[in-house]
1. Quick check: residue separation of Ala314 and Asp250 times 0.36 nm, minus the Cα distance between them. What number comes out in nm?
2. Simple spin-label model, 7 Å along Cα-to-Cβ: Leu223 to Ala210 in nm?
3. Each residue of the stretch 159-173 in order: what ³J(HN,Hα) in whole Hz does its phi give by Karplus 6.51 cos²θ - 1.76 cosθ + 1.60, θ = phi - 60°, with x for Gly and Pro?
4. My understanding is that a pair violates if its Cα-Cα distance is over 32 Å; which of Lys207/Lys296; Lys50/Lys160; Lys164/Lys207; Lys209/Lys296; Lys50/Lys134 do that in this structure?
5. If amide hydrogens are placed 1.01 Å from N in the peptide plane, which non-local residues have theirs closer than 5 Å to the one on Asp153?
6. Please compute the per residue accessible area over the stretch 1-46 with all protein chains in place, 1.4 Å probe, rounded to a whole number of Å².
7. For Lys178, go through the aspartates and glutamates and keep the ones whose alpha-carbon is under 17 Å away, minus same-chain ones fewer than eight residues off.
8. Leaving ligands, DNA and RNA out of it, rank Leu3, Leu365, Leu90 by accessible area with a 1.4 Å probe, largest first.
Amino acid sequence: MSLTVNRLVRRKLRLSLILLIAYVAIDVVTSIPRLAISIDTQAQLAAFGKLALAAALINAAVFLLVNPLRVDRVPERFPIILQDAIVIGLILLAATFLSSQLVTTSAVSAVVLGFALQDTLGNAFAGLAIQSEKPFHVGQWVRVGDHEGRVADVTWRATKLRTKTGNLVILPNNVVAKEAIVNYSEPAAPLRLEVEVGASYLVPPNKVKAAMMEALRHSSRVLAAPAPDVLLVHFDSSAITYRARFWIDDYAADDPSRDEVRTAIYYSFQRHGIEIPWPIQIQYEKDWVEPDPNDKIVAEEILLEGVDMFAALAPELRHQIACAAPLAVYGSGETIVRQGEEGQSMFVVISGTVSVVLEPAREELARIQPGGYFGEMSLLTGEPRSATVLAVGDVTAVEIGADLFRRMAAVHPEAIEKIGMAAMVRRAGLEQMRSAAAGTATVETTTLMTRMKKFLRLG
C-alpha cells in the first residue's frame, strides 16, 4: 500500500488485508482445543477461511495487475465496475473447488438475495453492460431521456450527470439502459447547432441568406469546416423564418455560440436594412417623426471635412460622397474587414473605436478613433486587405466604394490625385511599422499612383 499512489488500489488492498485477518482469526479459533467446536462447524469455518484467503489473494492480484501503481487513475479498458465483476467471478469459481457444502449454501443464498435485491442487481448488470458497450465515457456530453449533462461517474448502481446549471443528476443504470442515449461528443468533436430568425416578406430570400452567412463568417465560435449554411424553413404569419446551421468544437459552449450568432445576425440585418418583424398579434401606436435624410448627409459632410484625406476637397465633392456612401453598423468584436480578402472600399469611423491587427497572431498595430479612416489602399488600388480590422464596442462607419470614386474621377481627377497623395503618406508610415524585422520598406510614389489610376480607370 505504501508503494502505490493509486487510491483505488489502496482501498482494495485494505479489503484484502481485512480478508486475510479474517482467515487468520478463523484458523486460530479452530486450532484452540479448549473450544468445544463440533466437527461440522469446524469444517464450515475452515471452508469460509479458505474462501476468505482466496478472495484476499484474487482481489489483490486483480487490482495490482490491472491498475497503474504510479498514477492515480483507472484504466479506460478496465473501469471499476468491470474489475469488481472479474473479482466476483473468480471468487465464485474458486468457491466451487474449495467446498461443495459452501457452494450449496451459496446457491441457496444467491436465490434469496436475487429476489430481495433484484432492482439493485438489475442496476449492477446494466452498469456492467454500459461499461462493456461504452456508449459514452466520463467527461462526454450526453442526453439520456429528458436529462442532459456531462458524464461525471458510472458506478455499479447509477450514472451521474453534471448539468450545465451545476446540478448533479443521478440516474439508475437500469433506467439508462432502457432510454435512448444521445452522445454529443461522438463520433467526432464538431457539433452542429441551429438558430432560427424571422425576416420581412419584403426582402428577397437570397439577400437575407447572404446577410446571415456574413454573420456566420464573422462569428469566432463558428467553424469554417464543416461549412455553415442557411435554409428557408417556414412562411409564418408575420415573417419568413430562416434557419442558420453551423458547427462548433465544444458542446459546453453551445449557449454562448448561439448567443454570438444571434447577435451577429442582428447587426448584419441592421447593416443590410433587413427588418425582423414584430409579431402581428401585438398592436402598438406611437407618434412617428420621420427622420430628415438631410441631417444624416450634413453630419457626414462635417465628419469628412475633419478627415485629412477629404479636407482639401471642394464642399460639393464632400456632399456627393455623403449622399452616396452608406452608413454601416458593427457589433463589438465583429470583423469589419479581414486580412487578405478582396476589397474595393474604405471606411470612415463615425462612432466607436476599431482595432487594426495583423494575422495570424492578431498583433495590434493601431486603434482608430471617430474621424479616422482605414481601407483606403483597397479603395484606390483594389489591393487585398493588408490587415484585419475589428470593432471595439459598437461601431458606426461610412463605407465609400470604388464606383463612387470612379464617377468623381471622371469629373474631378485632380481631387482623386490629392486623396491618393494623402493615402501614400499614411501607407509609408504603416509599411515602416510592419517591416521592422525585414528592414524599412520603400513606397514608390510613381508606382502607387500608376496602380491607382489604372484601377480607377483614370487613363
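The values are calculated or read from the model by the stated rules, or taken from the named source; none is laboratory data. Given the structure is predicted, the values throughout are model-derived calculations rather than measurements. Ideal geometry is used to build each Cβ from the backbone, glycine not excepted, and the neighbour counts take in all protein chains shown. All accessible areas refer to the heavy atoms of the entire protein, side chains included, with ligands and DNA or RNA removed. Shrake-Rupley method; radii C 1.70, N 1.55, O 1.52, S 1.80 Å.
1. Once the chain is fully extended between Ala314 and Asp250, it gains 17.5 nm.
2. Between Leu223 and Ala210, the label points sit 2.9 nm apart.
3. For the stretch 159-173, the Karplus curve yields 10, 10, 10, 9, 6, 5, 8, x, 7, 9, 9, 10, 10, x, 5 Hz.
4. Among Lys207/Lys296; Lys50/Lys160; Lys164/Lys207; Lys209/Lys296; Lys50/Lys134, the Cα-Cα distance tops 32 Å for Lys50/Lys160; Lys164/Lys207; Lys50/Lys134.
5. Distant-sequence amide H within range of Asp153: Lys160.
6. Numbers: 3410 Å² over 46 residues.
Value returned for the stretch 1-46: 74 Å² of accessible area per residue.
7. Lys178 reaches Asp119, Glu133, Asp146, Glu148.
8. Working: Leu3 130, Leu365 40, Leu90 70 Å².
Ranked list, largest accessible area first: Leu3, Leu90, Leu365.
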